[in-house]
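Let me begin by presenting the structure, written as structure tokens, before commenting on it.
The values are calculated or read from the model by the stated rules, or taken from the named source; none is laboratory data. As the structure is a computational prediction, the values presented were derived from the model and not from experiment. Virtual Cβ from ideal backbone geometry, glycine too; neighbours counted across all protein chains shown.
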């Protein structure tokens, strides 16, 4: 029962970060560059892949897509634990995939100096690992 709860808390934190990322992209300037000139340059810079797409729109899209993906992976993980804890029992391809993904997000957040995200994903990763160890 504790293993299930830990897994669900980790997944819920991941979902929360995803929602915060989407809302932060749409309703705040936390993920915007501080340099207003850079924002204007991004708005006028076209991408090679699509001459109708600007760097700014791609930046906003990326942040929205990333937040939605975080939410969906967290939701998927939460549903797994809630519906059938046996699916995530022990070290399986599924549990290792989720943990490795969480560890990679932690690593890249550390390398790119996004400390708040790194801290949350360290917690998420630890919760997943402890849950796996308790649920063997």
For segment 102-125, which residues satisfy the criterion of being loosely packed, with under 12 Cβ neighbours inside 10 Å and assigned to a helix (DSSP H, G or I)? 111, 115, 116
Looking at the structure I just gave you, is residue 11 under 13 Å from the mean Cα position of the chain (by Cα), surrounded by 18 or more Cβ atoms within 10 Å (Cβ to Cβ) and closer than 18 Å to residue 134 by Cβ? yes
Let me confirm something: among 20, 53, 11, 81, which residue is over 25 Å from residue 109 (Cα atoms) and touching a residue at least 12 places away in the same chain (Cβ under 8 Å)? 81
Among the listed residues 79, 93, 99, which satisfies the condition of being on the phi < 0 side of the Ramachandran plot, surrounded by fewer than 13 Cβ atoms within 10 Å (Cβ to Cβ) and at pLDDT 90 or above? 93
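Taking the condition surrounded by 13 or more Cβ atoms within 10 Å (Cβ to Cβ), farther than 22 Å from residue 101 by Cα and touching a residue at least 40 places away in the same chain (Cβ under 8 Å), does residue 25 pass?
So residue 25 fits the description; yes.
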